[in-house]
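Peer 1: Pasting a structure here, questions to come.
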Amino acid sequence: MPTSDASTTDKPSAASGGVQSLERAFDLLERMADAGGEVGLSELAASGGLPLPTIHRLMRTLVACGYVRQQPNRRYALGPRLIRLGESASRLLGTWARPHLARLVEETGETANMALLDGDEIVYVAQVPSKHSMRMFTEVGRRVLPHSTGVGKALLAGFPDDEVRALLSRTGMPAATDKTITTPDAFLAALAQVRRAGYAVDDNEQEIGVRCLAVPVPDSPTAAAISISGPAGRVTDAATEKIVPVLQQVARDLSVSLTTPGTATT
C-alpha cells in the first residue's frame, strides 16, 4: 500500500498555525536568494535539513508555478514570476513607509527618504518633501551608486568588508563631486565610522551644498535605509545631534510596522 510523504502534506504548522508546505517552499526561495539565486538540490538539502525527496517535490511545484526555473545544468534558479511580485512589494514598501517619513519631516524639518539596496545600486522608493521653500528633491525610482550617498553607507555598513570591496570593483567609484570618496580603503574607513556612530553622513558627496544623514532600518525584510537631506547650512553638526536620535527611533518604528503582521498600514 503506498504511503504519503508526511513531510510535504499541507498540515498546519505547529509553530505558526500556517501551512507547513508553504512555509517550507518560501524558506527554499529565501535560501536560494541568500545563495545568489541559483543552487543545486544537494546544497539545499545540506543547508536546510529537509529530506532530498521533499525538497525535490517542493521545487517541482515551484517550477510548475514559474517561481523557480531549472537550468540546463540541472541547477535551480529563481524564476521570472518573482520579478512582478518584487516590483509590487517595493511599491507597497514605499507606501507603508510614507507615514513614518512624514513624521520624520515634521520632527526634523528636512526632506525624508527611504531607499533600498537593489543589486549593486541604491533605489529610492519613497520620499516626503520638506516644507521649507529651499529643500532637497530626489525622484522616487532614481538609482545611484552607493559609495556617494548616506543611505548607501548606512546599508553597506552592515556587510562584510570583502563583500563591499567586491561591489565597489563591479560598480567603480566615480566622483559625483570633489568631496566624493573614490577609493575602497577610504570608503571602508567611512563604513567603520558609520558602525561606531550608528548613522551615516553624506557631506556634499552626492551634491555640493547638500548634507544627508541616514540609518538602516533594522530587521527589514530587504536591506533598507531612511535618511533626511537638506542644505548644508541647516544640516549642521549641531542639528545632526538632534536629528540622529529621531532618525533612529523612526527607523525602529518603521521596522516594527514592516515585520509585525497587520501593522504596516496602520
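Peer 1: Within 10 Å of each residue's Cβ, count the other Cβ atoms and sort 22, 167 from fewest upward.
Peer 2: So the ranking, lowest neighbour count to highest, is 22, 167.
Peer 1: Whole-Hz Karplus ³J(HN,Hα) for the range 57-73, in order, using 6.51 cos²θ - 1.76 cosθ + 1.60 and θ = phi - 60°, x for Gly and Pro?
Peer 2: Computed from phi, the couplings for the range 57-73 are 5, 5, 5, 4, 5, 5, 5, 4, 8, x, 8, 9, 10, 9, 7, x, 7 Hz.
Peer 1: Using Cα pairs under 8 angstrom and six or more residues apart, how large is the relative contact order of the chain, in percent?
Peer 2: Worked out over the chain, it gives 14 percent.
Peer 1: Per residue and in cubic angstrom, what volume does the convex hull of the Cα atoms of the range 83-259 have?
Peer 2: 107 Å³
Peer 1: Any chance you could give the angle, 0 to 90 degrees and rounded to 10, that helix 161-171 forms with the longest Cα principal axis of the chain?
Peer 2: In the chain, helix 161-171 runs at an angle near 80 degrees to the longest axis.
Peer 1: Once every DSSP H run of n ≥ 4 in the chain is given -39500 (n - 2.57) and the sum is divided by its residues, what mean residue ellipticity at 222 nm do you get, rounded to the nearest 500 deg cm²/dmol?
Peer 2: -15000 deg cm²/dmol
Peer 1: Continuing with this model, one more query. Give, in nm to one decimal, the length gained when the segment between residue 52 and residue 238 is fully stretched (0.36 nm per residue of separation minus the Cα-Cα distance).
Peer 2: Computed gain between residue 52 and residue 238 is 61.1 nm.
Peer 1: Additional query: Quick one: 159, 187, fewest Cβ neighbours within 10 Å first, how do they rank?
Peer 2: Sorted ascending by nearby Cβ count, the order is 159, 187.
Peer 1: Then there's this: Report, in whole Å, the centroid distance computed from the Cα atoms of the range 158-211 and the range 215-255.
Peer 2: Computed from Cα coordinates, the inter-centre distance equals 17 Å.
Peer 1: In cubic angstrom, how much convex hull volume per residue do the alpha carbon atoms of the range 10-79 span?
Peer 2: 87 Å³
Peer 1: Here is a further query. Between residue 140 and residue 60, what's the calculated FRET efficiency when r is the beta-carbon distance and R0 is 35 Å? Round to 0.05.
Peer 2: Calculated transfer efficiency: 0.35.
Peer 1: Amide H neighbours of residue 19 under 5 Å, counting only residues 5+ apart in sequence or on other chains, H built in-plane at 1.01 Å?
Peer 2: Amide H neighbours of residue 19, under 5 Å, 5+ apart: 13.
Peer 1: log10 I(q)/I(0), Debye, Cα-only the range 53-126, no solvent, q = 0.12, 0.28 Å⁻¹?
Peer 2: The calculated log intensity ratios at q = 0.12, 0.28 Å⁻¹ are -0.53, -1.17.
Peer 1: Counting other C-beta atoms within 10 Å, which of 242, 153 has the fewest, and how do the rest follow?
Peer 2: 242, 153
Peer 1: Further question: Given the Cα-Cα distance of residue 98 and residue 165 and 0.36 nm per residue of separation, how much length would full extension add, in nm?
Peer 2: Extra length available between residue 98 and residue 165 comes to 20.9 nm.
Peer 1: Highest first, please rank the peptides 243-249, 224-230 by the mean number of other Cβ atoms sitting within 10 Å of their residues.
Peer 2: Final packing ranking: 224-230, 243-249.
Bear in mind these aren't lab numbers, they're just calculated from the coordinates by the rules spelled out. None of these values were measured; they are calculated from a predicted model. FYI the Cβ positions are ideal-geometry reconstructions off the backbone, even for glycines, and counts take in every protein chain you see.
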